[in-house]
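A short worksheet on the structure shown next.
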Amino acid sequence: MKEKAEQRTNWVLTVVLILGTLTVFFPLYMAIIIAFKQPSEMTNDIAGALSFPAHWSFENFREAMVVTDFWHSLGNSLLITLSTIVLSIVIHSIAGYVIGRAMANKKSFRFMYLYIVSGMFVPFSILMMPLVKQTAQMGLGNRLGVILLYTVFYMPMNVLLYSGYLKNIPLAMEEAANIDGANTWTTYWRVIFPMMAPMHATVAILTALGTWNDVMTPLVIMSGTGQNTLPLAQLNFQTQFGTNFNLAFASYILALIPILIFYIICQKQILNGVANGAVK
Amino acid sequence: MKKKMNNQEKTFLAIVIPVLLLFFAFNTLPMLKGVIYSFTNYRGYGSYEGVGLRNYMDLFTDARVGKSYLFTFKYALCGTVLVNVISLVMALGLNARIRFKSALRGIYFVPNILGGLVIGYIFSFIFTYILPAVGNSLNIGFLQNSILASEKYAWIGVLVVGVWQAVAMNTIIYISGLQTVPDEVYEASMLDGASKWKEFWQVTFPLVMPFVTINLVLSTKNFLMVFDQIMSLTKGGPAMSTESISYLIYRNGMDGGQFGFQSANAVIFFLVIVAISIFQMTVMNRKEEQL
């Protein structure tokens, strides 16, 4: 009897948890409703913000796209995030491989590992001001500079992840390839790189979530170039929205939609990726 | 050198040296520059000279810096405790025998993928218009005005948003922790007739202890470095009551002509973060061993 009770669905808890999702949905619901309304519908009571609009019109979204130069900002965000992901997977995986394999019997590589991984504790605040000067002097106060900086900032975490994952790949794999006459470089790209595919997914997801939403780096590095990322556009156009909340919220929704679509498509991989990354 | 370097070692060095140089150029070098600037009166432009330890001395007497440390610590402490308690409870719920398990897990993770800045703007509207309307109709005194405009309560608004986003992340980590606990352990404790409460504290909790360590370190670090939410919710106000250390360094270091002084602040902030992380990890490791 007891066994059976244990197997049964806990409906009370299920209902409580379903009601709890209101904490997630409420702010999003409100944002969507306001984005569809006209300023004249925004009365000062709760209904003004939460009741359905008189007409469902995409006018606010159209205007917000123009005001914030939406497609351009979206393009920049995509360019920066995708480039960072590609560079991270290529550079961090091979660095993780070399350091991970060599540190087993070489002190110098063990030291390199600690040197890079300890970079995880360095807050952006301490790098920020010197980096602004440095990137400006090097002509990197632009999108390329931001991509380069992200590649460096995510190196500690990703090298840690890759070299940790390497422990699952037996040395015999490389030895077999070496006997066949392949050199280290080819062995890596033909044998090891494909085998690290699950970790590539984790790295891509963690790097993407971090860079897509980041405000501080593009804010200080790209200021003055006239270029925006999606979050940066929201910040820079705050004054233009003025008290037109409907326009502002249409713009916020537009800024949230790309990552929400990405999440809905890759939800399973993202949840696994985040859990994997943290556990390692 | 006993042996001539073989081919593999050459390839390894050829790969790792450029990577190390890149890391040095954009991580270690700016950090060292920051340390050097911290001993100068550099304003961010023009000429400057060394001032020895004066910036560091001034840090300890500067009221604004003191206030920002107080706020940041209060925020990080409350945030870390709240997030970890809520996440653990959420994880237990989402790991129980419930329906729609994966859909619910998916929904509760949404706050984490959304950017802190935009979320801050959305919540700012809730705090400024929705909550006061609720406060007025229910006659709740402290809600009748925007809490973001109150020197006393604004930090709670920032805290709510920070916790709302961080719970999502930590819940996922706790769920993966709970999944490492084998079913047999629960069966054994059931046979022993242990109550659910006792089972949690004596069986489950010790087994997920490593995940508690990860979550404590991660969330403390993230809360200490809070920036986006401040930027969109309060801009440090009112009366600098919600000015975080990161925000102050950005504000006064970049625009306020305090490049040198805020560099000193950043150096101390860095040391504080390292010290807290190491402290948490050693204490928690000792706890893990005892169990």
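The values are calculated or read from the model by the stated rules, or taken from the named source; none is laboratory data. A quick note: this is a predicted structure, and the numbers were derived from the prediction, not measured. Every residue, glycine among them, receives a Cβ derived from its backbone with ideal geometry; neighbour counts consider all protein chains shown.
Does A:ALA31 meet the test of being in contact with a Phe, Trp or Tyr (Cβ under 6 Å, 6 or more places away or on another chain), within 14 Å of chain B (Cβ to nearest Cβ) and either part of a loop (DSSP other than H, G, I, E, B) or under 22 Å from B:GLY116 (Cα atoms) (or both)?
For A:ALA31, the condition - in contact with a Phe, Trp or Tyr (Cβ under 6 Å, 6 or more places away or on another chain), within 14 Å of chain B (Cβ to nearest Cβ) and either part of a loop (DSSP other than H, G, I, E, B) or under 22 Å from B:GLY116 (Cα atoms) (or both) - is met.
Working only within the stretch A:228-252, note down all residues that are touching a Lys or Arg at 6+ places or on another chain (Cβ under 6 Å) and over 24 Å from A:LEU28 (Cβ atoms).
Answer for the stretch A:228-252, where residues must be touching a Lys or Arg at 6+ places or on another chain (Cβ under 6 Å) and over 24 Å from A:LEU28 (Cβ atoms): there is none.
Within the group B:PHE12, B:PHE23, which residue is at pLDDT 95 or above, surrounded by 14 or more Cβ atoms within 10 Å (Cβ to Cβ) and in contact with a helix residue (DSSP H, G or I) (Cβ under 9 Å, 6 or more places away or on another chain)?
Going through B:PHE12, B:PHE23 in turn, the sole match is B:PHE23.
Which residues, taken from the stretch B:171-189, are among the polar types (S, T, N, Q), in contact (Cβ under 8 Å) with a residue 24 or more places away in the chain and touching a helix residue (DSSP H, G or I) at 6+ places or on another chain (Cβ under 6 Å)?
Those that are among the polar types (S, T, N, Q), in contact (Cβ under 8 Å) with a residue 24 or more places away in the chain and touching a helix residue (DSSP H, G or I) at 6+ places or on another chain (Cβ under 6 Å): B:THR171, B:SER176.
Among the residues of the stretch A:119-133, is any touching a helix residue (DSSP H, G or I) at 6+ places or on another chain (Cβ under 9 Å), in contact (Cβ under 8 Å) with a residue 12 or more places away in the chain, facing another protein chain (nearest Cβ under 8 Å) and under 25 Å from B:GLU9 (Cβ atoms)?
Yes, the stretch A:119-133 contains at least one residue that is touching a helix residue (DSSP H, G or I) at 6+ places or on another chain (Cβ under 9 Å), in contact (Cβ under 8 Å) with a residue 12 or more places away in the chain, facing another protein chain (nearest Cβ under 8 Å) and under 25 Å from B:GLU9 (Cβ atoms).
Residue by residue, here is whether (1) surrounded by 14 or more Cβ atoms within 10 Å (Cβ to Cβ); (2) free of Cβ contacts under 8 Å to residues at least 24 places away in the same chain; (3) within 14 Å of chain B (Cβ to nearest Cβ) holds:
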| residue | (1), (2), (3) |
| --- | --- |
| A:PRO27 | yes, yes, yes |
| A:PRO39 | no, no, yes |
| A:ALA54 | no, yes, no |
| A:ARG62 | no, yes, no |
| A:SER77 | yes, no, yes |
| A:LEU82 | yes, yes, no |
| A:GLY96 | yes, no, yes |
| A:MET103 | yes, no, yes |
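Output the helices (runs of 4 or more DSSP H) that fall wholly within the stretch B:198-291 and possess 3 or more residues being free of Cβ contacts under 8 Å to residues at least 12 places away in the same chain, or say none.
Numbers: elements: B:209-224, B:228-233, B:245-250, B:259-290.
The helices (runs of 4 or more DSSP H) meeting that bar are B:259-290.
Considering every residue within the stretch A:199-221, establish whether at least one is among the aliphatic types (A, V, I, L, M) and either in contact with a strand residue (DSSP E or B) (Cβ under 6 Å, 6 or more places away or on another chain) or farther than 25 Å from A:SER73 by Cα (or both).
There is at least one residue in the stretch A:199-221 that is among the aliphatic types (A, V, I, L, M) and either in contact with a strand residue (DSSP E or B) (Cβ under 6 Å, 6 or more places away or on another chain) or farther than 25 Å from A:SER73 by Cα (or both).
All but one of (1) touching a Gly at 6+ places or on another chain (Cβ under 9 Å); (2) more than 18 Å from B:GLN229 (Cβ to Cβ) hold for B:VAL134; state the number of the condition that does not hold.
(1)
Please verify whether the stretch A:195-212 includes one or more residues that are without any contact (Cβ under 8 Å) to a residue 40 or more places away in the chain and within 8 Å of chain B (Cβ to nearest Cβ).
No: zero hits.
Only one of B:LEU94, B:LEU82, B:LEU13, B:LEU32 is within 14 Å of chain A (Cβ to nearest Cβ) and touching a Lys or Arg at 6+ places or on another chain (Cβ under 7 Å); which?
Selected residue: B:LEU94, the only one of B:LEU94, B:LEU82, B:LEU13, B:LEU32 that is within 14 Å of chain A (Cβ to nearest Cβ) and touching a Lys or Arg at 6+ places or on another chain (Cβ under 7 Å).
Looking at (1) within 30 Å of B:PHE127 (Cα to Cα); (2) not in a helix (DSSP H, G or I); (3) not β-branched (Val, Ile, Thr), which is the one condition that is false for A:GLY139?
Single failed check for A:GLY139: (1).
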